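Written below as structure tokens is the structure these notes are about.
Readers should treat all values here as calculations from the given coordinates under stated rules, not as data from a laboratory. None of these values were measured; they are calculated from a predicted model. Note that we place each Cβ from the backbone using ideal geometry, even for glycine, and neighbour counts take in every protein chain shown.
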């Protein structure tokens, strides 16, 4: 069974559209994250939730809105997509000291 | 500016060679992790170090945490093509919930 799963794996869309990425973990961890990896492979934290509560909110445009319906799920909704949003988005979960990453969602905005 | 700088950025070597990747910062970290990421996949944890001066070995990989807990190194002995990938260091500060990632080292081991 996959520990951290994300859907979809690939997302190609037009500028201005709204899209969502879903993440689920079956590890029983309390903390989940969203990261953005740019073309230079730099991983930057966007958000973190601990037991459904937002604990980290980095400088991210408010077009990005995370939602955690329960501690096993953390979704990312993006409004009015822009070209610069093209990247790979990774979800991760953590028991506290290390992180377990999902396979990533490659978002391409045309 | 990034909190953790890795060097080198790119490394292309022949199978059997040794190599060292460095992860440096001017900040102190409570713990430091090393991950390997292969194309199309998420980073996978290799090791965590938490004590200054700590050395951990994982088969041909040796990880060291600096005495002052500001830097770390990853040494690979007799590299193999299967070691090819992007190596990332990540540090946690007082709040274990937030991790800062290094800029990454892309390693290519040629057969």
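Tell me, A:63, A:106 in order of fewest to most beta-carbon neighbours within 10 Å?
A:63, A:106
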* To do: Pick out which of A:41, A:67, A:19 has the largest mean-square fluctuation in a Gaussian network model of chain A, springs linking Cα atoms closer than 10 Å.
  => A:41
* Structure fact -> Mean-square fluctuation maximum in Gaussian network of chain B, Cα pairs under 10 Å, restricted to B:17, B:41, B:54, hits B:41
* Would you please classify the overall shape of segment A:28-68 from the alpha carbon gyration tensor, given that a ≥ b ≥ c denote the square roots of the eigenvalues, rounded means a/c under 1.5, and beyond that prolate means a/b larger than b/c while oblate covers the rest? => oblate
* **Shape category assigned to the protein assembly as shown from the gyration tensor of Cα positions, a/c cut at 1.5** => prolate
* Bin all alpha-carbon pair distances of chain B at 5 Å intervals from 0 and give each bin's fraction as a whole percent. => 2, 13, 24, 26, 19, 10, 4, 1, 0
* Asked: Can you give the relative contact order of chain A as a percent, counting alpha carbon pairs under 8 Å and 6+ residues apart?
  -> 37 percent
* Within 10 Å of each Cβ in B:101-108, the average number of Cβ atoms from other chains -> 3
* Asked: What is the distance, in nm, between label points placed 7 Å from the Cα along the Cα-to-Cβ direction at residue B:59 and at residue A:73?
  -> 3.8 nm
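Enter the mean number of other protein chain beta carbons within 10 Å of the beta carbon of each residue in A:83-94, as an integer. Let's see the in-between values first.
On the way: counts 0, 0, 0, 0, 0, 2, 0, 4, 1, 3, 0, 4.
For this peptide, the per-residue mean of nearby foreign Cβ atoms is 1.
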* What is the mean number of Cβ atoms from other protein chains located within 10 Å of the Cβ atom of each residue in peptide A:41-48, rounded to a whole number? -> 5
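Using C-alpha positions alone, give me the convex hull volume of segment A:11-108 per residue in cubic angstrom.
91 Å³
Counting pairs of alpha carbon atoms under 8 Å apart in space and at least six apart in sequence, what relative contact order in percent does segment B:42-86 give?
Details: 56 pairs, mean separation 12.0, N = 45.
Reported as a whole number, the value is 27 percent.
Over chain B, what is the relative contact order in whole percent, taking alpha-carbon pairs under 8 Å and six or more residues apart? Numbers along the way, then the final one.
Working: 290 pairs, mean separation 41.1, N = 111.
Normalised by residue count, the contact order of chain B is 37 percent.
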* To do: Select from A:36, A:22, A:44 the residue whose mean-square fluctuation is largest in a Gaussian network model of chain A (Cα-Cα springs shorter than 10 Å).
  => A:44
